[in-house]
Ligand SMILES: [Zn+2]
Ligand SMILES: [Zn+2]
């Protein structure tokens, strides 16, 4: 809740006119408690995980011919009941684990210093903080994920996430409740190291989930904007990890590729890419030779 009754009062305290974004924030948040603003994340998560994966299903259902060249595992197609089971499981996890965790973790947000006050941070600060959050989360997630692939971690916890060897967007948060809790630590670590504004925190939660949905979508579209992010893994990268399954000792990182490269855990993936490339080149050469003979 903001400590100003009017825009004029806020402007006199800050010492300048509010920007359009700050006026919008004032009008929206002035009478809402910080706790309520923090709990918006539950609504964002529910909407994102209901709507965005549905977009990929929509494409598959209505534009199958156009999008099929970009399907990473084209032979695998989940039935409607399998997809619905995945969605219902994820929603159950939201209501039983993610939602309650958000409700009780508010004191930690206050402790690390996530603020709701004016002025709003400049765009460059938001972008820098988000980059930091992604790098910290990626590094922490890499090592936790790698640990979860030891025999005990896999059998007791991580096996659930690997039930989908050809993932779909809905399967991004499909995991054991303990995995949801453990992987929440690196997600929280970035904001704890570099605390920012509540708006930055909202962006962080939303973008991280959008990234997870995209990497589990089962499609590798050439036009996706994430292709322009340096060292970004993407759907093809993480799909390989699911394709290999429990024995996978490759592609542990959640966002970028450099951890797997540095620690030598992308060899299987790179070998598969090389073999596929040679296979495609061989096919092209055969087609060219056949054309010459004709
Ligand atoms: Zn795994
Ligand atoms: Zn996954």
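Given the residues 246, 264, which is the only one that is surrounded by fewer than 20 Cβ atoms within 10 Å (Cβ to Cβ), within 12 Å of ligand 1 (Cβ to nearest atom), farther than 22 Å from residue 56 by Cβ and more than 15 Å from the chain's Cα centre (by Cα)?
246
In the stretch 234-256, which residues are free of Cβ contacts under 8 Å to residues at least 60 places away in the same chain and either within 11 Å of ligand 2 (Cβ to nearest atom) or part of a helix (DSSP H, G or I) (or both)?
234, 237, 240, 241, 244, 247, 251
Exactly one of these conditions fails for residue 140: (1) within 13 Å of ligand 1 (Cβ to nearest atom); (2) more than 16 Å from residue 213 (Cβ to Cβ); (3) touching a helix residue (DSSP H, G or I) at 6+ places or on another chain (Cβ under 6 Å); (4) in a helix (DSSP H, G or I). Give me its number.
Here residue 140 clears every test but (1).
Out of 228, 240, 269, which single residue is within 21 Å of residue 70 (Cβ to Cβ), more than 16 Å from ligand 1 (Cβ to nearest atom), at pLDDT 90 or above and assigned by TED's automatic domain parsing to the domain that holds residue 152?
228
Got a sec? Which of 101, 120, 48, 59 is assigned to a loop (DSSP other than H, G, I, E, B) and in contact with a helix residue (DSSP H, G or I) (Cβ under 9 Å, 6 or more places away or on another chain)?
Step by step, each of 101, 120, 48, 59 is checked, and only 120 is assigned to a loop (DSSP other than H, G, I, E, B) and in contact with a helix residue (DSSP H, G or I) (Cβ under 9 Å, 6 or more places away or on another chain).
Got at least one residue in the stretch 145-168 being crowded, with 20+ Cβ neighbours inside 10 Å, more than 14 Å from ligand 1 (Cβ to nearest atom) and touching a residue at least 60 places away in the same chain (Cβ under 8 Å)?
The answer is yes; a qualifying residue exists.
The values are calculated or read from the model by the stated rules, or taken from the named source; none is laboratory data. This one's a predicted model, so the numbers in the text were calculated from it and none came from an experiment. When we count neighbours, we look across all protein chains shown, and the Cβ atoms used for this are built from the backbone with ideal geometry, even at glycine.
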